[in-house]
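Read the structure below first, then the notes.
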Amino acid sequence: MRDMDRNRIIDNAFRYVGLFCTALGIIVLAVFLGDILITGLTRIDWSFLTSLPSRRAARAGILTAWTGTAWILGLTALIAIPLGVCAGIYLQEYGARSRFARIIEVNIANLAGVPSVIYGLLGLQIFVRTLHMGNSLLAGAFTLALLILPTIIVATREALKAVPATLREASYGMGATRWQTIRHQVLPAASGGILTGIILALSRAVGETAPLIVIGALAYVPFVAESPLDEFTVLPIQIFNWVSRPQEAFLVNAAAAIIVLLAITFIMNGIAVYLRNRWQKKVSW
């Protein structure tokens, strides 16, 4: 009885501590978001979204920042999604179950937790200096692609692993080859999980600042990028630039830019949640 009472007390203590931490986190987040919304909503208008940066806060906009973010997001997706999905398919469906394969799997999972600034240093050496891409959109996209590749690979493998083995066996029993089974049966069943991992990985890339600063992304770009070889800036760097200025008007601009960045992130995460729920219902059927 004493052991049971002790375990019950410990369970209740952990439960109350967890509830307290959760409530505290929600309150802090609500205060933070409320302050940003109150400060920045009055600044968001069409002119703010379509104006170039300026030394005068009233005339400054985020056109170059959000277009640079769109460029980076698109190029990163084009590079990382095919490589990550193909690597996940190979490791899960074709790779041999050997000790070497297990070492690769562990290292890929560990790479997902490497600080982003390390990828920035890697991108600086490989893409900026060795391949002479300079501080261009292409160099930034390749750097962020390296950053999110482990996440996409792991998500793809987990989605494929969740597909019932009976589906593969039934396909083989009908005379289908391994690739036909993967293409027509396994991938459609795992598509929701794969898309969820891709969107969450891209959401991380949208908010990254350190790797792009390391490779030479600019804080002030007075033109809109028109090709992958142009110099660029992104919303997080623009926000950092405005926050570091002493004028209060620039802090209002930063709050408005944060709202735009949060809106992009929340939309992408919402799509990921929707796809995950839809995929789980499909698998349960």
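For this structure, a couple of remarks:
- Computed magnitude of the charge dipole of the stretch 47-284 (debye, nearest 20; Cβ of K, R +1, Cβ of D, E -1): 580
- For the stretch 2-43, the normalised intensity computed at q = 0.16, 0.24, 0.28, 0.31 Å⁻¹ comes to -0.56, -0.77, -0.85, -0.92 (log10 of I(q)/I(0), Debye sum over alpha carbons, equal scatterers, no solvent).
- Inter-site label distance for ALA70 and GLU248 at 7 Å from Cα along Cβ, in nm: 3.4
- Across the chain, the relative contact order, built from alpha-carbon pairs under 8 Å that are at least six residues apart, equals 27 percent.
- Taken along the Cα-to-beta-carbon direction at a fixed 7 Å, the label points for ASP45 and VAL106 span 6.0 nm.
- For the residues ILE26, ILE44, ILE182, a GNM of the chain with alpha-carbon springs under 10 Å puts the largest fluctuation on ILE26.
- The stretch 170-285, relative contact order in percent, only Cα pairs under 8 angstrom and at least six apart counted: 36
- Whole-percent pair-distance distribution, where bins are 5 Å wide, for the alpha carbons of the chain: 1, 5, 10, 12, 13, 13, 12, 11, 9, 6, 4, 2, 1, 0, 0
- Taken over the stretch 116-191, the alpha-carbon convex hull comes to 106 cubic angstrom per residue.
- Note on ILE26 and ALA162: their simple-model spin labels are 2.5 nm apart, each label 7 Å out from Cα toward Cβ.
- Scanning the chain for DSSP H helices at least 27 Å long along the axis (C-alpha atoms) with a Kyte-Doolittle mean no lower than -1.0 picks out 2-40, 63-89, 137-161, 187-207, 248-284.
- Put the Cα centre of the stretch 115-143 next to the Cα centre of the stretch 199-216 and the gap is 12 Å.
- GNM top mover of THR265, THR181, THR22 - the chain, alpha-carbon springs below 10 Å: THR22
- For the stretch 32-141: relative contact order, % (alpha-carbon pairs under 8 angstrom, 6 or more apart): 20
- Overall dimensions of the stretch 1-117, expressed as equivalent-ellipsoid semi-axes from the Cα gyration tensor (√(5λ), whole Å, largest first), are 42, 35, 10.
- Convex hull of the stretch 58-198 built on C-alpha atoms - directionally averaged projected area, nm²: 11.2
Values quoted throughout were computed directly from the atomic coordinates according to the rules given, and no laboratory measurement underlies them. What you are looking at is a predicted structure, and each value in this text was computed from that prediction instead of being measured. Cβ: placed from backbone, ideal geometry, glycine included. Neighbour counts: every protein chain shown.
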